[in-house]
Amino acid sequence: MSSFAAIDRNGNSLNLDAARVETLRGALRGMLLGANDAGYQEARAVWNGMIDRKPALIARCIGTADIVACVNFARETGIALSMKGGGHNIAGLALAEGGLVIDCSLMRGCYLDLKDRVVHTQPGATLGDADRETQVHGLAAILGFVSLTGVTGLTLGGGFGYLSRRYGWTSDNVRSMTMVTTEGKVVKASPAENADLFWGLRGGGGNFGVVTDIEHQLYPIGPEIYGGGIAWTADSADEVFKLYHQLAEAAPQELSAVCAMRIAPPAPWIAKEAHGKPIIAMFLCHCGRVEDAEKLLAPVKAFGKPVGDTVMRRSYVSQQCLLDATQPKGRRYYWKAEYLPGVSQEIYESVKKHALAMPSPHSAVILFPLGGAIGQHVNSHSAVGNRNANFVLNITGAWDKAEDDTANVEWARTAWNDTKKFSTGGTYINFLTEEEAGERIHAAYGGNYERIARVKAAWDPQNMFRMNKNVQPVA
């Protein structure tokens, strides 16, 4: 074989010299996989089962030198390029059709510096990897809600979780990042080095290069916290939402309260008689004194007749895994999301209407809390912006069979069209699907978009890194 079929960055056919491909293979310590190689099908499988792209090459990198070799190859050949960390992104942008995937999922190291109270995470590390290592020392990074999510993708998109009301966006708690540039150079970005790049990386996604290391600030959280899930049948939803509204309005920054409506799964913590029926649930986490949390949340535990209640003293690691079972790899997912200035009865009525109409037992309508420390910086503090939002409304379509795609996508879009009138005008970049380019990316970045475009022009003027929530470079 003298040539290797691929696709270039502009979507055109590209015939790579086979010897060139073999040279790349020999330059890597990790494996370079083509469509006929063992392990290729597994390597191209990502979390969202709707994504079925076939890269020409997948480089399973095991070190920064491998990443540099791949970036140089992509620059010199023009092949489409994408980066895979945890592979958990809703849009499936880890896979470039006909391109080269820099697959960092084997690079899962998490290295602690207890003196400076930081953890360095490699590009394939998941939230669970980081939590497991840091909790040995009763410390936590500010991460997300699902332990199988990749730390790097979460952080580059801003990132929020149970601790964000107390400590801010995930990206607010980053001290430095290390990145491979389009030229194959390794640079550090921090407040003192390449400060413009550091600003852009904290929310601007994978637009600038391949991040190989993130230095996260750690805080004394756990090993024990107070939290868990509590659920009621949907016939109590009106009263439960009033309780949630009161709780969210008065919540201290130490408390994060998520509210969700869905069909009760056959989970062991939910009463069997409720399985398969609509429920409303709260997922609670208090990162302060356990005694304060018990007192604060006692009225919630005593409210009505819960069909399931796991709110208790528990390990922080278990709290971080609480929602994992709702998002298994390989299921089909389609999401819509908006930032909200607050919650109201009108918003709740819309949420309830669409939650009770969902065609799949795996879907949900979720309200995630923001506010608190997130809003203590101005929007221009970092690329992530949207610090005026107090909630994220997430319409999460999830189902198993391809023949059900149309019904579930239409449900999510209908619910979104009915609820986006409540939006601040912004949306969370990590929740955008592939189709949501242009205006939606502008909405996610708001007033920061033009500055991101200038940073993009400085670090990736040819837009080599475009398989992402792409911002076009503007000089």
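Structure above, values below:
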| quantity | calculated |
| --- | --- |
| 5 angstrom amide H check on Ile221, placed H, neighbours 5+ away | Leu139, Ala140 |
| Between 0 and 90°, nearest 10: helix 405-419 axis offset from the chain longest Cα axis | 60 |
| Neighbour-limited loop hits for trypsin sites (Lys or Arg not before Pro), region 372-435 (at most 13 other Cβ within 10 Å; DSSP other than H, G, I, E, B) | Lys401 |
| Amide hydrogen neighbours beyond the local backbone of Phe4, cut-off 5 Å, H modeled | Leu16, Asp17, Ala18 |
| Amide H contacts of Val311 (H built 1.01 Å from N, under 5 Å, at least 5 apart or other chain) | Gly229 |
| Inter-probe distance in nm under a simple model that places probes 7 Å from Cα toward Cβ, at Gln376 and Ala35 | 5.3 |
| Folded to 0 to 90 degrees: helix 237-250 orientation relative to the chain principal axis, Cα | 70 |
| Inter-label distance for Lys421 and Arg20, nm, one decimal - labels placed 7 Å from Cα along Cα-to-Cβ | 5.4 |
| Counting DSSP beta bridges with both ends in region 1-105, the antiparallel % (nearest 5) | 55 |
| Label-point separation, Ala65 to Arg331 (7 Å along Cα→Cβ), nm | 4.2 |
| Degrees separating the helix 345-355 axis from the principal Cα axis of the chain, which is the longest one | 70 |
| Local electrostatic count, Thr182, Cβ distance below 12 Å [Lys/Arg +1, Asp/Glu -1] | +2 |
| Karplus 3J(HN,Hα) series, Hz, for region 57-74 with 6.51 cos²θ - 1.76 cosθ + 1.60 (x for Gly, Pro) | 9, 10, 9, 8, 6, 10, x, 4, 4, 4, 5, 4, 4, 5, 5, 4, 4, 5 |
| Under 17 Å from the Cα of Lys185 - lysines, other chains or at least 8 residues apart | Lys456 |
| Relative contact order [Cα under 8 Å, 6+ residues apart], the chain, whole percent | 15 |
| Accessible surface of the chain, 1.4 Å probe, proportion on carbon and sulfur as whole % | 51 |
| Whether region 380-475 is rounded, prolate or oblate, judged on the alpha carbon gyration tensor where a/c under 1.5 counts as rounded | oblate |
| Calculated log₁₀ intensity ratio I(q)/I(0) where the Debye formula runs over C-alpha points of region 1-126, q = 0.13, 0.16, 0.21 Å⁻¹ | -0.52, -0.75, -1.21 |
| Tensor-based shape of the chain (alpha-carbon gyration tensor, a/c under 1.5 rounded, otherwise prolate or oblate) | prolate |
| Surrounding net charge for Ile366, when Lys and Arg each add one and Asp and Glu each subtract one, Cβ distance under 14 Å | +2 |
| DSSP beta bridge pairing in the chain, given as percent antiparallel to the nearest 5 | 90 |
| Accessible area of the chain divided out per residue, in Å², using a probe of 1.4 angstrom | 39 |
| Cβ-derived FRET efficiency at R0 41 Å, Lys277 paired with Asn10, nearest 0.05 | 0.20 |
| Out-of-range pairs (alpha-carbon distance over 27 Å; input Lys54/Lys401; Lys353/Lys421; Lys272/Lys352; Lys329/Lys469; Lys84/Lys336; Lys84/Lys115) | Lys84/Lys115 |
| In sequence order, calculated HN-Hα J values of region 113-129 (Karplus, 6.51, -1.76, 1.60; Hz; x Gly/Pro) | 10, 6, 5, 8, 6, 9, 10, 9, 10, 6, x, x, 5, 9, 4, x, 4 |
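The values are calculated or read from the model by the stated rules, or taken from the named source; none is laboratory data. If you're wondering where the values come from, they're calculated on a predicted model, not measured in any experiment. As a convention, Cβ positions derive from the backbone with ideal geometry for all residues, glycine included, and neighbour counts pool all protein chains shown. Areas reflect the complete protein model, heavy atoms only, side chains present, ligands, DNA and RNA absent. Shrake-Rupley method; radii C 1.70, N 1.55, O 1.52, S 1.80 Å.
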